[in-house]
There are 2 protein chains.
Amino acid sequence: MDPELLARFERGDRRALARLITHVEDGTPQGRAALRSLYRATGKARSIGITGPPGAGKSTLVDQLAAAFRKDGLKLAIICVDPSSPFTGGAILADRVRMKHLQEDPDVFIRSMASRGALGGLSRTTGAVLKVLDAFGFDVILIETVGVGQGEVEVVREAETCLVIEVPGLGDGIQAIKAGILEIGHAFVVNKADNPGADRVSEQILTMLSLNPNPPEWQPPVVQTVATRGTGIDELARQVRAHWAHLDAKSLRHRHLGQRRVADLSDILKARALGSASQRVLARPDFTELRRQVELGQIDPYEAADRLLPFDGPDEWRLP
Amino acid sequence: MDPELLARFERGDRRALARLITHVEDGTPQGRAALRSLYRATGKARSIGITGPPGAGKSTLVDQLAAAFRKDGLKLAIICVDPSSPFTGGAILADRVRMKHLQEDPDVFIRSMASRGALGGLSRTTGAVLKVLDAFGFDVILIETVGVGQGEVEVVREAETCLVIEVPGLGDGIQAIKAGILEIGHAFVVNKADNPGADRVSEQILTMLSLNPNPPEWQPPVVQTVATRGTGIDELARQVRAHWAHLDAKSLRHRHLGQRRVADLSDILKARALGSASQRVLARPDFTELRRQVELGQIDPYEAADRLLPFDGPDEWRLP
């Protein structure tokens with residue numbers, strides 16, 4: 001760990017912040033060491049995840065919401081996450097020049113993230129970047145995703161408040177609200193509500209929510225907005241603050257943070273278990289030969305595993 | 001392992017097959033033992049994954065393709081996989097009554113699978129179910145997914161031949177072909193090709209394929225079909241057979257099988273590493289207390305991990 005980089009980070013240097021995030025995204029030893037030393041400074045920021053189909057106007061909505069929170073004097077970070085790309089490595093990022101007036105605000109930090117590795121990897125990385133931004137001292141972190149697929153859902157789940165954006169006229173409403181989207185929303189936004197069908201979409205969402213066999217204590221509101229004109233944004237910001245108040249009043253936030261720390265412990269132990277076991281297997285003189293025999297089908301992988309890592313118990317992670 | 005169940009499976013009893021699949025899906029000790037003892041009988045079946053947006057007519061297309069392969073005398077299994085559900089546990093499966101004429105065919109086996117656990121989990125389960133069907137003696141296994149999200153892509157990747165279905169008139173073609181879909185297709189099908197815009201969609205796909213910076217040796221064809229009328233199905237079946245011939249001629253299939261066996265070895269070792277490490281951690285008398293302290297924020301998870309599972313190396317799976 002470069003102590004100078006961390007010291008600059010702690011003094012509030014935004015270039016140090018940007019470099020640390022890159023280290024964390026790339027999973028470098030520096031990034032890992034930084035996460036470790038920053039951990040105790042995390043747990044203060046509010047995080048808001050925003051997902052919805054392409055063309056729903058998410059970027060404008062995030063812009064407007066950011067502006068609303070800036071009026072409250074809150075320091076903001078915005079992460080734009082794109083879990084998908086037509087070809088590996090060639091992610092098309094959300095148009096980064098978009099938030100021009102926010103980019104000039106010294107208390108707003110904007111960062112784009114593309115999928116570099118596997119699924120799950122990105123949500124894990126997003127969680128780590130959230131911790132860095134949290135430790136840096138941002139009050140609110142907005143996580144905007146590009147689409148609405150399973151990858152996006154995983155990413156948005158990292159946030160404590162999740163907004164699901166819908167729009168009228170995207171065809172079958174039920175189709176648009178699938179892939180576990182309904183479960184994650186703490187508020188639903190029907191954007192472009194000046195288009196025909198906004199009330200129908202709102203009602204569809206309310207109907208589907210009412211079908212939840214396990215209705216949550218927090219009843220997700222449905223807010224109609226026209227982000228390009230700023231209509232409904234104050235109401236949306238109010239609903240987000242209401243969700244924060246709900247989390248605080250019920251000690252849910254406290255409990256969530258505790259659960260998150262335990263989940264972090266489990267993740268750290270898991271990663272170490274994998275690291276140390278693969279180190280042991282790689283160090284075995286017969287590994288290469290056994291691997292070759294498996295490849296050629298001369299022995300089956302279970303036999304090879306019996307020799308390389310004998311273990312009889314349940315073969316899965318079982319930590320609570 | 002119930003030896004009677006396995007014996008019935010080996011005699012070709014379809015009810016035993018169905019029960020074994022349930023064991024494998026549920027990850028029971030029986031299921032794991034069965035996978036182990038069946039492993040050597042796998043590697044013969046051809047697998048075809050089919051993905052595409054809802055409403056693209058996948059089910060009808062799978063029906064027709066199955067019928068085409070049945071004419072070749074091939075024994076077929078069809079798996080319908082739905083990685084998404086509006087509420088946890090409440091997966092809406094593909095209409096199972098659909099393939100009535102196939103359901104009456106003793107050499108066709110149809111099974112629906114819903115997401116029960118996490119992402120990645122389903123593709124792993126699909127891979128395991130593929131092995132069971134392969135060992136049972138099916139010549140061709142068709143894997144049909146419900147949608148086109150990241151979950152579906154992961155599932156379809158388990159197959160050696162992947163078909164991506166598109167349809168004219170679903171709006172922005174580029175939007176429809178994202179999420180890594182382009183990379184996985186060995187053939188693209190423009191179904192409902194009697195609708196306006198079919199040629200435009202075909203051209204868009206060909207254009208996007210031509211932009212691939214690393215063009216594969218196998219050039220994925222684009223086939224236009226009208227599945228409801230059977231149009232284009234023979235051509236599609238011909239292209240699938242051509243892909244099989246390509247895999248065989250270039251020894252790609254042989255190489256893929258070798259790589260798959262090595263990947264299986266890695267997965268088995270990984271699962272054992274996690275199982276044995278969590279067993280060790282859970283057996284420690286201080287685990288519950290350390291976990292409690294982490295939950296309350298009294299110590300950070302890294303400190304707790306240092307006590308529970310000290311390890312200094314790179315914390316990730318590193319097997320080639």
A:A159 being out of contact with any Ser or Thr (no Cβ under 9 Å at 6 or more places or on another chain), over 17 Å from A:T60 (Cα atoms) and at pLDDT 90 or above: no
message: Under 7 Å between Cβ atoms, which residue pairs at least 6 apart in sequence (or on different chains) link something in region B:253-282 that is more than 7 Å from every other protein chain (Cβ to nearest Cβ) with a partner that is surrounded by 14 or more Cβ atoms within 10 Å (Cβ to Cβ) and assigned to a helix (DSSP H, G or I)?
response: B:R253/B:L247
field: The one condition in (1) modelled with pLDDT under 95; (2) not in a loop (DSSP other than H, G, I, E, B) that A:N214 fails to fulfil
entry: (2)
Single match in A:A68, A:A16, A:A45 (criterion: closer than 25 Å to A:V156 by Cα, surrounded by 15 or more Cβ atoms within 10 Å (Cβ to Cβ) and more than 18 Å from the chain's Cα centre (by Cα)): A:A68
Tally, over region B:13-56, of residues that are away from chain A (no Cβ under 14 Å) and polar (S, T, N, Q): 2
- prompt: Got a sec? Which of B:R284, B:R291 is under 15 Å from A:I268 (Cα atoms) and of a type in the set (K, R)?
  reply: B:R291
message: Here's a check for you: in region B:97-133, which residue that is part of a loop (DSSP other than H, G, I, E, B) and surrounded by 13 or more Cβ atoms within 10 Å (Cβ to Cβ) is modelled with the highest pLDDT?
response: B:D107
- prompt: Out of region B:283-301, which residues are more than 7 Å from chain A (Cβ to nearest Cβ) and either in contact with a strand residue (DSSP E or B) (Cβ under 8 Å, 6 or more places away or on another chain) or surrounded by 20 or more Cβ atoms within 10 Å (Cβ to Cβ) (or both)?
  reply: B:L290
- line: The condition of being within 30 Å of A:L65 (Cα to Cα), under 24 Å from the mean Cα position of the chain (by Cα) and among the hydroxyl-bearing types (S, T, Y) holds, among A:S251, A:S266, only for A:S251
- request: Take B:E316 and decide whether it is acidic (D, E), facing chain A (nearest Cβ under 7 Å) and farther than 25 Å from A:H256 by Cβ.
  value: yes
message: Restricting to region A:57-81, and then to whatever is of a type in the set (A, V, I, L, M, F, W, C) and under 15 Å from A:F136 (Cα atoms), can you tell me which residue is farthest from the other protein chains (Cβ to nearest Cβ)?
response: A:L76
- prompt: For A:F311, are the conditions met, namely being modelled with pLDDT of 95 or more and facing chain B (nearest Cβ under 9 Å)?
  reply: no
message: Quick check on this structure: which one of B:I174, B:I143 is modelled with pLDDT under 80 and among the aliphatic types (A, V, I, L, M)?
response: B:I174
Count - residues of region B:19-42 that are of a type in the set (S, T, N, Q) and exposed (fewer than 15 other Cβ atoms within 10 Å of the Cβ): 2
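The values are calculated or read from the model by the stated rules, or taken from the named source; none is laboratory data. It should be emphasised that the depicted structure is a prediction, and the values quoted were computed from it without experimental measurement. All Cβ positions, glycine included, derive from the backbone under ideal geometry; neighbour counts span all protein chains shown.
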